[in-house]
Amino acid sequence: MQVLHTIERVREQVRAWNKAGESVAFVPTMGNLHAGHLALVARARECADRVVVSIFVNPLQFGKGEDLEAYPRTPAEDQQKLVAAATDLLFMPEEQEIYPHGRDGVTFVEVPGISDLLCGASRPGHFRGVATVVCKLLNIVQPDVACFGQKDFQQLAVLRRMVNELNMPLEVVGGPTVREADGLAMSSRNRYLTAAERERAPAIYQILQTLEQWLRQGQRDFSALEQEGRAMLQRAGLQPDYLVVRRTDDLLPPMGGESSLVLLAAAYLGRARLIDNVLIEL
Ligand code: PAF
């Protein structure tokens, strides 16, 4: 696996692959890789001849008082995992390479509407930071396919919209959420949970599964279902941020008659903010 730090070297390599007729799949990450990331790398392998992964903890997507400084950084372990996963190229830029003029006054990518709901309402500017860095990374790597986890369902929806509206010539692939044995969705931020909190954390997925059953059994009073879901989170010792039923494409409330829906939840547990979702094909 090549480990490159500059835009120029990455472009050179991708150009050489393209010249040889090889396609490229790309998995952007912030490092501290777990089985969820590695499943995305495996998915990327199926999609193209070459796999590029980036590790960059993007300061623009962290709000004031969020965990930018504390965000787990494990580059040596990450590199070992990526070699084992047969990654061809790891791009690990310094902040200066991505934001040469500093963090203030950078040219932003704003995906309006969908970025302001749910996690966007609780974390203002978060999706602007995500869209900006992903747009830059896609322009740097110029892949044929880009892979993102469905665990961050809203992020995936924002990025699909960005790629579509900016006519970026690539396919966006969503990889299924990878879970611990007790159902907790894997996330680098799970390490913020104390032992007692870790025991309570799977409740978010269990509650979403219960609500999924109700929807499958024909419950269509969405606001009653959402209210009960939030009460269940509270009873399980989690502080709900939101729990909603939404349409899968624009994440707006369903009008009735949709053939697919998504249940989305975010809840605070100690230092961690857990998010999870369940897709429902009706
Ligand atoms: O999901 C993540 O790890 C990040 O939001 C991403 C897509 C790598 C952008 O920094």
**OP:** Search the structure for amide H atoms under 5 Å from the amide H of D241, placed 1.01 Å from N in the peptide plane, and list their residues when 5 or more places away or on another chain.
**Re:** A266, A267, Y268
Subject >> Kirkwood-based shape ratio for the range 65-202, expressed as Rg/Rh from alpha carbons >> reply: 0.96
Original post:
Across the range 180-195, in residue order, what do the Karplus-derived ³J(HN,Hα) couplings come to in whole Hz, using 6.51 cos²θ - 1.76 cosθ + 1.60 with θ = phi - 60° and x for Gly and Pro?
Top reply: 5, 4, 8, x, 5, 5, 5, 7, 4, 7, 4, 5, 6, 7, 6, 4
Original post:
What do you get for Rg/Rh over the range 158-202 if you use C-alpha atoms and the Kirkwood form of Rh?
Top reply: 1.23
**OP:** Just need the relative contact order of the range 1-95 here, percent rounded to a whole number, with Cα pairs under 8 Å and 6+ apart.
**Re:** 43 percent
**OP:** Could you order peptides 7-17, 239-249, 152-162 by the average number of other Cβ atoms within 10 Å of their residues, highest first?
**Re:** 152-162, 239-249, 7-17
Original post:
Sorted from fewest to most neighbouring beta carbons within 10 Å, what does the list V163, V51 look like?
Top reply: V163, V51
Subject >> Cα point-scatterer Debye curve for the range 24-84, base-10 log of I(q)/I(0) at q = 0.14, 0.22 Å⁻¹ >> reply: -0.44, -0.89
Original post:
Amide H neighbours of M30 under 5 Å, counting only residues 5+ apart in sequence or on other chains, H built in-plane at 1.01 Å?
Top reply: F56
**OP:** Neighbouring Cβ atoms within 10 Å as the yardstick, rank L251, L68 fewest first.
**Re:** L68, L251
**OP:** Enumerate the amide H contacts of R179 below 5 Å, restricted to partners 5 or more residues apart or on another chain; note that Pro and chain-start residues carry no placed amide H.
**Re:** M186
**OP:** Could you tally the net charge around P72, taking each other residue with its Cβ under 12 Å from the Cβ of P72, Lys/Arg +1 and Asp/Glu -1?
**Re:** -1
Original post:
Ordered by residue, what ³J(HN,Hα) values in Hz, to whole numbers, does the range 254-259 give under the Karplus form 6.51 cos²θ - 1.76 cosθ + 1.60, where θ = phi - 60° and Gly and Pro are x?
Top reply: x, 9, x, x, 5, 8
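What is the percent of Cα-Cα separations in the chain that go past 29 Å?
That tail contains 34 percent of the Cα-Cα pairs.
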Subject >> Least to most buried among V178, V83 (fewest other Cβ within 10 Å first) >> reply: V83, V178
Original post:
How do 28-38, 84-94 rank on mean C-beta neighbours within 10 Å, highest first?
Top reply: 28-38, 84-94
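Only the coordinates and a few stated rules stand behind these numbers; no lab work does. In this text the structure is predicted, and so the values were computed from the model without any measurement. When we count neighbours, we look across all protein chains shown, and the Cβ atoms used for this are built from the backbone with ideal geometry, even at glycine.
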